[in-house]
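Just so you know, all these numbers are worked out from the coordinates, no wet-lab data involved. Being a predicted model, the structure only gives us computed values, none of them experimental. All Cβ positions, glycine included, derive from the backbone under ideal geometry; neighbour counts span all protein chains shown.
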Amino acid sequence: MVSDSGTVTYSGVPIRHYHRPLTIFIRNDDGSFTLEVALPDGEWIYGYILSFGAWVEVLEPEHVRKSIAERMRQGLKIYESLF
């Protein structure tokens, strides 16, 4: 799940202190943060990103962004009857 540059970029709140190594750390005007981190490829990373819930948006790489969106859609189906 690593892009050609070896990084994943996402934006959201809250952040966690174990984002290592940080390549870019930006505090946005709305109080959220944009981080660029190098993370090893693997299924675990999807669960890690999803653990931020509604407070995260993967910006790149595109295939990770799409995979997270699909996993969120699948999870939402479980609760469709509540809406």
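The table that follows gives values for the structure above.
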quantity: Output for region 55-83, where each listed residue is of a type in the set (Val, Ile, Thr) and in contact (Cβ under 8 Å) with a residue 24 or more places away in the chain; calculated: Val56, Val58, Val64
quantity: Flag for Ser81 being outside any strand (DSSP E or B) and surrounded by 10 or more Cβ atoms within 10 Å (Cβ to Cβ); calculated: no
